[in-house]
Every structure is written in C-alpha cells, then in structure tokens.
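The values are calculated or read from the model by the stated rules, or taken from the named source; none is laboratory data. Because the structure is predicted, anything quoted here is derived from the model rather than measured. Cβ placement follows ideal geometry from the backbone for every residue including glycine, while neighbour counts extend to all protein chains displayed.
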Amino acid sequence: MINVQPTLNDKQVFDFIHNGYIILESIIEEDFNSKCQSLPPGHLTDFIQSRSFRQNVLLHPQVAGVARSLLGQNFTLPTSAHNHLYEHPHEGQTLHSDGLTESGYGITHLQCYYYPQLVEIDDGPTIVVPGSHQRLVDREAIAHYGNITGQICLTVPAGTVVMTHYGIWHKAGPKINQKKRSMIKFSFFRTQPPKRDWAIESNEVPTYQHSGRHRYVTEVESYRDRRRGEHTWNWLCGLTEYQAEYHPARMFVTGIPLNQIQL
C-alpha cells in the first residue's frame, strides 16, 4: 500500500473538529495549476484518475497527510470530481450543505476544494461558515440566511486546497468580473474504524480542548458545540463504539481504497 504519513497533531485535529475545515495555501506547483485551468466545466473522471492528478494533488504529502490523519490509513482516492467553473458575473449562491449530509459525530468524509488560480473577492470566492458542519439541517432551510457573522471568504492564492467536513455550510459568493474562476471539488472517504494514529507525541489521550464560541452562536449553542466536539474527539480516538456505516453520499461519489492504487 502507498505509504502516506499523517501530518496533523492533536491540536490541529481539535481545530478541525471545531471549525470543519483546513486551508493548505499554495501547495500545488504552478505548472500543474496552469494545466488545470484549461479543464472543461462539469464532471471529471479520466483526469482525476490520471497519474499526474494523483501525484500532484490527491497524494500531495500535505493533502494526503490530512486525509490520513482524519480518515485513517486506507482512505479512498476519488474516481471523479466536479469542476465548478465560473466565467461570467453572477449573483452567487445561497448557503447550503451538499447532498446527503451525514449524521452522528464521526468524521468519515472529507470534501475538498482545489483552486488552480488566484481567487480574489471579485472572483466570487467560496464562502464557508466555521463550525456549521455540527448543525444537521435541511439544506433548503438555510438558503434564506444571506451572510452570517464569522463566515470565511476563501480568497486564496493559486494552488490552494481546502479540506472540509462534508456537512459544512458553504456557497459561491457574487462574481463581478469576466475572469475564469475554477474550483475542482473531490472527496476522500474512511474505510476502517477510527483510532488515534495521527502525528502524536504521547500515547496518553488528552481531553478535548474546545476553541471557544463561534461568532454567530449563543453561549448555550457554544456549550452544545463543545459537547459535540468531545463526542467527535472520543470517536476519532477509538474510545466509543464504532459501527461501520455506508455514507449516503457514496451513492454519487465513488473512490478506490489506497491499498488498491497503482502508480
């Protein structure tokens, strides 16, 4: 099996549990970014399964290291992706969570956004709401919210990969220019029970460290966030009962376990 080393430590796992995303800025090489800027919009299969995409993006040490840290050793590599390509001005999207968002406290699915070009505020950047992955809602029920205090605009340099908890609320912001703005979206999945085998310094499991209140939540809701975070931390560390479940999003998003990949 391809040897992927975990890159996250306990503190970084705490932060992901709390915020629901990790930003890896400017990690993909400029030459490969340029190659990706000519891709057509929509569904991508052959290119995503190509040796070059796997080596430059999916198995980049930082990207794969996060997947390895949060999903375990034998996570899946995607066999398809979607190129969200915007060329003309638009008013943006409403807030939503994608498709069939998982329930429970586990982390079994990472949805990733790869930006092969610089994204500035006028380009219609992706907007995410930190901590929103902890709120299981009907996606139509949040469409009227507009902007939320504390939301993050992903204005990022070329070659950035953002790795998110699948349930995070997000949207494309308004675009007011004619520049191309591409975002290639793909997913990693867990295939095995969780255990604390990321980059650890001690075998002693620390207690979960809550990072405080998100700007848009009340004190009571922040307490609930902390409790949810504790459940997720204990689950990731293998301290609670694990029941293998088929993630409903896998009806639409496919992948190959790492131990079946040939480069």
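So here's what we get for this one:
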{"read-out": "Yes/no for Arg68 being farther than 22 Å from Glu201 by Cβ, modelled with pLDDT of 95 or more and among the basic types (Lys, Arg)", "value": "no"}
{"read-out": "Count of segment 190-215 residues which are touching a Phe, Trp or Tyr at 6+ places or on another chain (Cβ under 6 Å) and over 30 Å from Val253 (Cβ atoms)", "value": "1"}
{"read-out": "Qualifying residue in segment 236-247 (condition: at pLDDT 90 or above and among the aliphatic types (A, V, I, L, M))", "value": "yes"}
{"read-out": "Scope segment 105-157; condition of a type in the set (Phe, Trp, Tyr), modelled with pLDDT under 95 and buried (at least 18 other Cβ atoms within 10 Å of the Cβ); matching residues", "value": "Tyr105"}
{"read-out": "Close pairs from segment 190-219: first farther than 16 Å from Gly238 by Cβ, partner of a type in the set (A, V, I, L, M, F, W, C), Cβ under 7 Å, at least 6 apart", "value": "Ala199/Leu8; Gln209/Phe14; Ser211/Phe14; Tyr216/Ile148"}
{"read-out": "Residues of segment 116-147 satisfying the condition of being part of a loop (DSSP other than H, G, I, E, B), in contact with a strand residue (DSSP E or B) (Cβ under 8 Å, 6 or more places away or on another chain) and under 30 Å from Glu29 (Cβ atoms)", "value": "Pro116, Gln117, Val119, Ile121, Asp122, Gly124, Pro125, Pro130"}
{"read-out": "Matching residues in segment 58-76 - criterion: being surrounded by fewer than 20 Cβ atoms within 10 Å (Cβ to Cβ) and in contact with a helix residue (DSSP H, G or I) (Cβ under 8 Å, 6 or more places away or on another chain)", "value": "Gln73, Asn74"}
{"read-out": "Residues that are more than 21 Å from the chain's Cα centre (by Cα) and surrounded by 13 or more Cβ atoms within 10 Å (Cβ to Cβ), drawn from segment 186-207", "value": "Ile200, Val205, Pro206"}
{"read-out": "Residue list for segment 77-97, filter: crowded, with 19+ Cβ neighbours inside 10 Å and under 26 Å from Ile17 (Cβ atoms)", "value": "Leu77, Pro78, Ala81, Leu95, Ser97"}
{"read-out": "Condition check for Thr7: at pLDDT 95 or above, touching a Gly at 6+ places or on another chain (Cβ under 7 Å) and not basic (Lys, Arg)", "value": "yes"}
{"read-out": "Helices (runs of 4 or more DSSP H) fully within segment 1-86 counting 1 or more residues that are under 27 Å from His133 (Cα atoms) and touching a residue at least 60 places away in the same chain (Cβ under 8 Å)", "value": "10-19, 61-71"}
{"read-out": "Matching residues, segment 165-198, being part of a loop (DSSP other than H, G, I, E, B) and of a type in the set (S, T, N, Q)", "value": "Asn177, Gln178, Thr191, Gln192"}
{"read-out": "The one condition in (1) in contact with a Ser or Thr (Cβ under 6 Å, 6 or more places away or on another chain); (2) more than 26 Å from Gln151 (Cα to Cα); (3) surrounded by 15 or more Cβ atoms within 10 Å (Cβ to Cβ) that Thr45 fails to fulfil", "value": "(3)"}
